[in-house]
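Novice: Here you go, one structure.
The values are calculated or read from the model by the stated rules, or taken from the named source; none is laboratory data. The shown structure was predicted, so the numbers you read here are calculated from the model rather than taken from an experiment. Positions of Cβ are backbone-derived with ideal geometry, glycine not excepted, and every protein chain shown enters the neighbour counts. With ligands, DNA and RNA removed, areas are computed over all heavy atoms of the protein, side chains included. Shrake-Rupley method; radii C 1.70, N 1.55, O 1.52, S 1.80 Å.
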Amino acid sequence: MKVLVIGNGGREHALAWKLAQSPKVQAVYVAPGNGGTAADARLHNIAVTDFAQLADFAHAEKIALTVVGPEAPLAGGLVDVFRARGLRVFGPTKGAAQLESSKAFAKAFMQRHKIPTAAFETFVDVAAAHAYVEARVGQSGAPIVIKADGLAAGKGVVVAMTPAEAHQAIDWMLAEDEAGNKLGVQHNLGTGGVQQPRVVIEDFLAGEEASFIVLCDGRNVVSLATSQDHKRLQDNDQGPNTGGMGAYSPAPVVTPNVHAKVMHEIILPTIQGMAKDGIPFTGFLYAGLMIDAQGQPRTVEFNCRLGDPETQPILMRLKSDLFDLLMHATDGTLDQVELQWDRRVALGVVMAASGYPLNPRKGDAIHGLPAEAPDAMVFHAGTVAQEGGVHTSGGRVLCVTALGDSVKLAQQRAYAVLAGIHFDGALYRRDIGFRAIKR
Ligand code: AMP
Ligand code: GLY
């Protein structure tokens, strides 16, 4: 069978790498792919991103299954286009992807279905938003959280430590300049049903974050191994938020008790709620959790896809055949599936380009990339294969991922592999996994 993976990040390299291991898979195409997928003889990059052209390709090549990695094509309706053409595709429809593409949709959904999350209000009016911050901070104090509605590539959330910061964030996201343009944030109007620039203002949640990712076929749910990523740029969780500087699996903060609570209070009500609302969810559902000191999980966000970089360690631990799993997921038979996991810990360290996250430098040559080992794999993200070798082409460049019998051993192995890889200006954290080691 032939498989098509949509996307070009580390997550998609990991998906393609894992799918290629299935004895049933004869070829994996990646659109558009990256320098890592280009270098693997089992994978084939195709330079197509237009939905109709992708569907033409899938039809012509008799692709048995298409998997969509990133949020943008999901929010844009790629799954709807493929389904309308009778093509088998795994991912949520444009309507279901609103769980990620619109913060206001997700918050209203959680409120309606009594899914634990931070108290919030949604605003289109600048003055009303400012007044709410004053009232709310008066009641429960700072920090308070300001979120732009719509996809914002990780830049749409401000955890304001003071009221002044909150007011500034509101102006940046909602206020207009003299020409009537909204400042600061792309609100992606028109995608995911978002018609007007809006902000969600919500209470700050204290605790430890974890990523909880499941597969859904619309009715049945299978949970993947738990994971935790490190969003801040610098060691000890300092500096600006990024898309993720590293991740590991499993996440010890998700105890069996917390796991059961998440399934019963968050995941199952979400799947049932979406079905009840007439927009059944098929695809990977990622609940970003905040788990408080009492072990109570609350939803910080939903993503309608796998996490990046969480996917890289998670798929290193998956022993089951991913192609079989996704065929069940698209047949609606996930109730027949039980997943097998490597008992070891997997840990991935992101190597990012100089200037990441705001202004990453491109075009640096990457040296010392190792061959794949049974316990270590370098997944590519922002790389491109050129004459003369692999070069950087984006913010997150590589995710160096390794298995070990403990978090400490997986960490040592990942950093030992990383030490052999060089490109100018490489940025990485030296403490990925520290929360799990402290425990
Ligand atoms: P989001 O895009 O909604 O996941 O937000 C990005 C990051 O901001 C999260 O991973 C959290 O670290 C932080 N964050 C978002 N909302 C809250 C909240 N209500 N309380 C505390 N931290 C938050
Ligand atoms: N690692 C966070 C995300 O994929 O959104």
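Novice: If the cut-off is 19 Å between C-alpha atoms, which aspartates and glutamates fall inside it for LYS2, apart from same-chain ones fewer than 8 positions away?
Specialist: GLU12, ASP40, ASP56, GLU61, ASP321, ASP324, ASP331
Novice: Another one. Based solely on its DSSP helices, what 222 nm [θ] is calculated for the chain when runs of n ≥ 4 H residues each add -39,500 (n - 2.57) and the sum is averaged over all residues, nearest 500 deg cm²/dmol? Don't skip to the end; give the middle numbers.
Specialist: Working: 15 runs with 129 residues, N = 439.
Calculated mean residue ellipticity at 222 nm is -8000 deg cm²/dmol.
Novice: Can you give me the long-range amide H partners of VAL30? Hydrogens built in the peptide plane at 1.01 Å from N, cutoff under 5 Å, separation of 5 or more residues or another chain.
Specialist: Counting only residues 5 or more places away or on other chains, the set is VAL5, HIS44, ASN45, ILE46.
Novice: Before anything else, pin down the relative contact order of the stretch 1-128: Cα pairs under 8 Å, at least 6 apart, normalised by residue count, whole percent.
Specialist: Values: 192 pairs, mean separation 25.2, N = 128.
Worked out over the stretch 1-128, it gives 20 percent.
Novice: A further question on this structure: Go through 356-362, 205-211 and give me the packing order, highest mean Cβ count within 10 Å leading. It would help to have the intermediate numbers written out before the result.
Specialist: Values: 356-362: 15.7, 205-211: 18.4.
Result, highest mean Cβ count within 10 Å first: 205-211, 356-362.
Novice: How large are Rg and Dmax for the stretch 1-150 when calculated on the C-alpha trace, in angstrom?
Specialist: Using the Cα atoms of the stretch 1-150, the pair Rg, Dmax is 20.4, 61 Å.
Novice: Sticking with this one: Going by a ≥ b ≥ c, the root eigenvalues of the Cα gyration tensor, does the stretch 203-312 fall in the rounded group (a/c under 1.5), the prolate group (a/b larger than b/c) or the oblate group? Kindly include the intermediate steps, with their values, before the conclusion.
Specialist: Values: a/c = 1.87, a/b = 1.55, b/c = 1.21.
Note, shape of the stretch 203-312 comes out prolate.
Novice: May I ask you to order 302-314, 122-134 by the average number of other C-beta atoms within 10 Å around their residues, highest value first?
Specialist: Values: 302-314: 28.2, 122-134: 16.8.
Those peptides, ordered most packed to least, come out 302-314, 122-134.
Novice: At 1.4 Å probe size, what's the solvent-accessible area of THR49? Round to the nearest 10 Å².
Specialist: Roughly 100 Å² of THR49 is accessible to a 1.4 Å probe.
Novice: Let me ask something additional. In degrees from 0 to 90, rounded to the nearest 10, what is the angle of the helix 322-331 Cα long axis to the longest principal axis of the chain?
Specialist: 60
Novice: What FRET efficiency, computed as 1/(1 + (r/R0)^6) with R0 = 51 Å and r the Cβ-Cβ distance, is obtained for HIS264 and HIS367, rounded to the nearest 0.05? List each step's numbers first, then the result.
Specialist: Working: r = 50 Å, r/R0 = 0.97.
It comes out at approximately 0.55.
Novice: Same structure, new question: Using the reciprocal of the averaged 1/r over all distinct C-alpha pairs, how large is the Kirkwood radius of the stretch 266-366 in Å? Before the final figure, lay out the partial values.
Specialist: On the way: mean 1/r = 0.0590 Å⁻¹.
16.9 Å is the Kirkwood radius here.
Novice: May I pose another question? For TRP172, tell me the accessible area in Å² from a 1.4 Å probe, rounded to the nearest 10.
Specialist: 110
Novice: How much of the DSSP beta bridge set in the stretch 206-281 is antiparallel, as a percent to the nearest 5? Each step should come with its number before you reach the end.
Specialist: Numbers: 8 of 8 bridges.
Given both bridge residues lie in the stretch 206-281, the antiparallel proportion sits at roughly 100 percent.
Novice: Filter the cross-link list LYS24/LYS62; LYS24/LYS319; LYS107/LYS261; LYS103/LYS261; LYS107/LYS147 down to pairs whose alpha-carbon distance in this structure exceeds 21 Å. Show your work: numbers first, answer last.
Specialist: Values: LYS24/LYS62 14 Å; LYS24/LYS319 15 Å; LYS107/LYS261 19 Å; LYS103/LYS261 23 Å; LYS107/LYS147 11 Å.
Checking Cα-Cα distances, LYS103/LYS261 exceed 21 Å.
Novice: Below 15 Å, Cα to Cα, which aspartates and glutamates can LYS231 reach? Residues fewer than 8 away in the same chain don't count.
Specialist: Counting by Cα, and skipping residues close in sequence, LYS231 has these aspartates and glutamates nearby: GLU208, GLU209, GLU301, ASP308, GLU310, ASP431.
Novice: Quote to one decimal, in nm, the extra length available between ASP50 and ALA84 on full extension: 0.36 nm per residue of separation minus the C-alpha distance between them.
Specialist: Numbers: separation 34, 0.36 × 34 = 12.24 nm, distance 1.55 nm.
Contour length minus the Cα-Cα distance gives 10.7 nm.
Novice: Let me ask something additional. So what is log10(I(q)/I(0)) for the chain at q = 0.06, 0.07, 0.14 1/Å, when the Debye sum runs over its Cα atoms only?
Specialist: Log10 I(q)/I(0), no solvent term: -0.24, -0.32, -1.42.
Novice: Cα centroids of the stretch 55-70 and the stretch 355-418: how far apart, whole angstrom?
Specialist: Each part reduced to its Cα centre gives a spacing of 28 Å.
Novice: Ignoring any ligand, DNA or RNA, what whole percent of the accessible area of the chain comes from carbon and sulfur when the probe is 1.4 angstrom? Could the numbers behind the result be given before it?
Specialist: Numbers: 9010 of 17810 Å².
In the chain, the share of accessible area belonging to carbon and sulfur is 51 percent.
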